[in-house]
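The values are calculated or read from the model by the stated rules, or taken from the named source; none is laboratory data. Keep in mind that what you see is a predicted model, and the values were worked out from it rather than measured. Please note: Cβ atoms are built from the backbone with ideal geometry, for glycine as well, and neighbour counts cover all protein chains shown.
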Amino acid sequence: MSGQFFVSKIHSRVEIETTELGLAAFDGRTEVIKAAIENGIHWDSEAAHLLVAAIHGNQMEIARLLLRSGMPVRDFFYPLIFNWSPDQTLLNELPERPELMLPLERGRKLYRFLLSITAEDLPEVKKNLIKDKINEESGVLGGQVKMRPIHYAARKCNLEIISFLVEEGAKINTLNEEGKSVLRLIAECPSVEKEERRECYRYIENLGGQLVPPVHGWFTKWSLRRGMWLVASL
């Protein structure tokens with residue numbers, strides 16, 4: 001039942017009519033797929049959803065069988081296998097297409113780069129650094145707000161990572177999709193010790209970082225410089 005739901009959610013009405021084959025690929029019934037290939041699969045209407053079903057069912061033998069059986073290769077096979085297949089050697093069954101693969105590989109590295117920032121893993125941040133993405137806004141981590149790498153670091157108040165990104169060229173007065181600056185995100189960060197927040201705040205402020213949206217009142221500004229937490233709604 002789960003396999004049938006999967007196939008019907010992904011594919012069109014025409015493809016749903018071949019659900020039995022899709023279920024066979026999803027469930028790992030290799031003999032059924034072999035028999036269908038021998039009898040002549042209509043590749044244009046059936047190939048794509050069979051490969052999708054096999055990969056999502058973790059049936060790598062069937063996926064490899066399909067790719068070696070005359071299946072027409074489509075562009076979306078590359079991201080399908082790259083992003084979803086536990087067996088990346090399936091890519092070796094496809095013709096070399098660097099124009100499709102390079103963006104996928106860079107996207108994965110960017111994901112690892114941002115993930116290492118949120119994990120506060122400086123060695124991994126350095127390992128996965130992509131210099132030309134240092135000031136690029138991204139929603140690759142799946143958050144509701146698009147941010148730049150320095151914004152992810154600001155939300156963690158990790159001075160080592162923040163200073164590393166700044167040294168690598170991160171701009172400190174860029175705004176995230178909500179219109180908040182690096183200094184503002186540090187000020188709103190409640191999940192760190194007061195001393196850590198104060199160090200990060202003063203570091204960015206001394207570099208000319210602006211508090212956007214701004215706050216008003218001398219007491220609030222004085223409190224922030226001492227490492228107090230700014231409630232986001234202020």
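Some points to look at:
- Check on residue 102, surrounded by 12 or more Cβ atoms within 10 Å (Cβ to Cβ) and assigned to a helix (DSSP H, G or I): no
- Residue among 160, 195 that is part of a helix (DSSP H, G or I), modelled with pLDDT of 95 or more and surrounded by fewer than 17 Cβ atoms within 10 Å (Cβ to Cβ): 160
- Selection within segment 174-223 - over 11 Å from residue 157 (Cα atoms) and of a type in the set (Lys, Arg): 180, 184, 202, 221
- Exactly one residue among 51, 65 is modelled with pLDDT of 90 or more, touching a helix residue (DSSP H, G or I) at 6+ places or on another chain (Cβ under 7 Å) and either farther than 21 Å from residue 100 by Cβ or assigned to a loop (DSSP other than H, G, I, E, B) (or both), and that residue is 65.
- Within segment 200-220, the residues that satisfy the criterion of being closer than 10 Å to residue 187 by Cα and in a helix (DSSP H, G or I) are 200, 201.
- Between 122, 115, 141, 207, the distinction of being in contact with an Asp or Glu (Cβ under 6 Å, 6 or more places away or on another chain) and surrounded by fewer than 18 Cβ atoms within 10 Å (Cβ to Cβ) belongs to 122 only.
- Out of 224, 185, 230, sole residue that is assigned to a loop (DSSP other than H, G, I, E, B) and surrounded by 15 or more Cβ atoms within 10 Å (Cβ to Cβ): 230
- Flag for residue 124 being over 30 Å from residue 153 (Cβ atoms) and either among the β-branched types (Val, Ile, Thr) or part of a helix (DSSP H, G or I) (or both): no
- Test set (1) outside the structural domain of residue 48 (by TED's automatic domain parsing); (2) loosely packed, with under 13 Cβ neighbours inside 10 Å - residue 70 fails condition number: (1)
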